[in-house]
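Working notes for the structure below.
Just so it is clear, none of the values below were taken in a lab; they were calculated from the coordinates. All figures in this text were calculated on a predicted structure; none of them were measured in a lab. Cβ coordinates were reconstructed from backbone atoms using ideal geometry, including for glycine residues, and neighbour counts include every protein chain displayed.
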Amino acid sequence: MKKEEKTNVMRVLDGKKIVYESHAYNPDATMSGEEIAEILGEDPDKVFKTLVTQGKSGAYFVFVVPVKEELDLKKAAKAAGEKAVSMIKQKELLPLTGYVHGGCSPIGMKKQFPTFIHETADKYDHIFVSAGKVGFQIELSPADLISVVNCKPADIV
């Protein structure tokens, strides 16, 4: 484990007085979300990844799904009210969100985009999402995440 440092995500949560627990790990560039869940000693159903898409209209949308699941682009488009959505290119992620691949969080993006979280999140007291930097995760209640980023639960996998 690395020495604890504050990420932008943690500063946002502190500013909103949201209770969370941070977790640091030594990342490997090829590490999957399921491997991160294993390092954290957590059920992969409770560890969520953040995916950024662009709709046919040109609008951007954020989807938060369990790490072992794949985003269903048709269901995602339906949730977003778009004809279709596609994943953005990796090189577009940093300029658009302020986050790098593997460290993208739904919290604290440069601009808040419409965000959807997989409907299973509310089955848990706490879930994990990226803390905005590779090697850092935060654990918080799904209700707190939903309130901070105003995300909507949806069937998206």
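Computed from the C-beta positions of Asn8 and His101 and an R0 of 22 Å, the FRET efficiency is 0.85 to the nearest 0.05. Taken over segment 8-154, the convex hull of the Cα atoms encloses 98 Å³ per residue. Full extension of the chain segment joining Lys123 with Ala143 gains 6.1 nm, where the gain is 0.36 nm per residue of separation less the Cα-Cα distance. Couplings 3J(HN,Hα) of segment 126-136, computed from phi: 9, 10, 10, 9, 4, 8, x, 8, 4, x, 9 Hz, in residue order, whole Hz [Karplus 6.51 cos²θ - 1.76 cosθ + 1.60, θ = phi - 60°; x for Gly and Pro]. In this structure, the amide hydrogen of Phe116, modeled 1.01 Å from its nitrogen in the peptide plane, lies closer than 5 angstrom to those of Val62, Phe63, Val64, Lys152, counting only residues at least 5 positions away or on a different chain. Rounded to the nearest 5, the antiparallel percentage of DSSP beta bridges internal to the chain is 70%.
Multiply the residue separation of Leu40 and Gln112 by 0.36 nm, subtract the distance between their alpha-carbon atoms, and state the gained length in nm to one decimal.
Gain in length upon complete extension: 23.1 nm.
Across segment 61-69, computed HN-Hα scalar couplings (Karplus, 6.51 cos²θ - 1.76 cosθ + 1.60, θ = phi - 60°) run 9, 10, 10, 10, 10, x, 4, 8, 9 Hz from first to last residue, x flagging Gly and Pro. Each residue of segment 52-58 was assigned a 3J(HN,Hα) from its phi angle through the Karplus expression (A = 6.51, B = -1.76, C = 1.60, θ = phi - 60°), giving 10, 10, 10, x, 4, 6, x Hz with x at Gly and Pro. For Ile156, the residues 5 or more places off, or on other chains, whose built amide H falls under 5 Å of its own are Glu119.
Averaging Cα coordinates gives a centre for segment 64-135 and one for segment 17-46; these two points are 16 Å apart. Calculated mean residue ellipticity at 222 nm for the chain: -7000 deg cm²/dmol, from DSSP H runs with n ≥ 4 weighted as -39500 (n - 2.57), summed, divided by the residue count and rounded to 500.
The gain in end-to-end length when the Glu21 to Lys78 segment is fully stretched comes to 17.2 nm, 0.36 nm per residue minus the alpha carbon separation.
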